[in-house]
Amino acid sequence: MASLPPKEELQRKGYGYYTEGRLERLAQLSVDEILEREIAFVGTPEQVAEQIDRVRKISGVTEFSMIVNFGGLEHWKVLRTLDLFARRVIPALGLEAKS
């Protein structure tokens, strides 16, 4: 967070979300709370596509971040997750993967 541009600049460019303290509060939630609130998407490609589709229909949601390299996850698993996302989740959402 310390490396982000000034608060006013983020708000002016439409990234006010990063100035509201939500990311800091996220660290205080349990794994169960994160899954219950659909902050993280976990499951098969089809389940993840359904979760993303539900959340993207909420007014004001214009982007999400995907973190697949966490907790010492083996590199091949990271690549497999990215591949599944590109081949099965993106098409299920009616989108195209950009290269």
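The values are calculated or read from the model by the stated rules, or taken from the named source; none is laboratory data. Note that this is a predicted model, so its numbers are computed, not measured. Using ideal geometry, Cβ is built from the backbone for each residue, glycine included, and neighbour counts are taken over all protein chains shown.
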#### Entry: Filtered residue count, segment 9-20, keeping only those that are farther than 18 Å from MET66 by Cα and surrounded by 10 or more Cβ atoms within 10 Å (Cβ to Cβ)
7
### Task
Look at segment 16-26 and say how many of its residues are part of a loop (DSSP other than H, G, I, E, B) and either charged (D, E, K, R) or within 15 Å of the chain's Cα centre (by Cα) (or both).
1
### Task
Considering each residue of segment 1-15, count those that are free of Cβ contacts under 8 Å to residues at least 12 places away in the same chain, farther than 15 Å from GLU63 by Cβ and part of a loop (DSSP other than H, G, I, E, B), and give that number.
4
### Query
When you go through ILE39, ILE90, ILE52 one by one, which is the residue that is part of a helix (DSSP H, G or I) and in contact (Cβ under 8 Å) with a residue 12 or more places away in the chain?
ILE52
### Task
Go through segment 37-96 and give me each residue that's surrounded by 11 or more Cβ atoms within 10 Å (Cβ to Cβ), over 13 Å from the mean Cα position of the chain (by Cα), of a type in the set (Val, Ile, Thr) and within 25 Å of TYR15 (Cα to Cα).
ILE90
### Query
Within segment 27-36, can you find the residues that are part of a helix (DSSP H, G or I) and over 26 Å from ILE90 (Cβ atoms)?
ASP32, GLU33
### Message
Suppose the filter is of a type in the set (Lys, Arg), without any contact (Cβ under 8 Å) to a residue 40 or more places away in the chain and not assigned by TED's automatic domain parsing to the domain that holds ALA86; does LYS57 pass it?
### Response
no
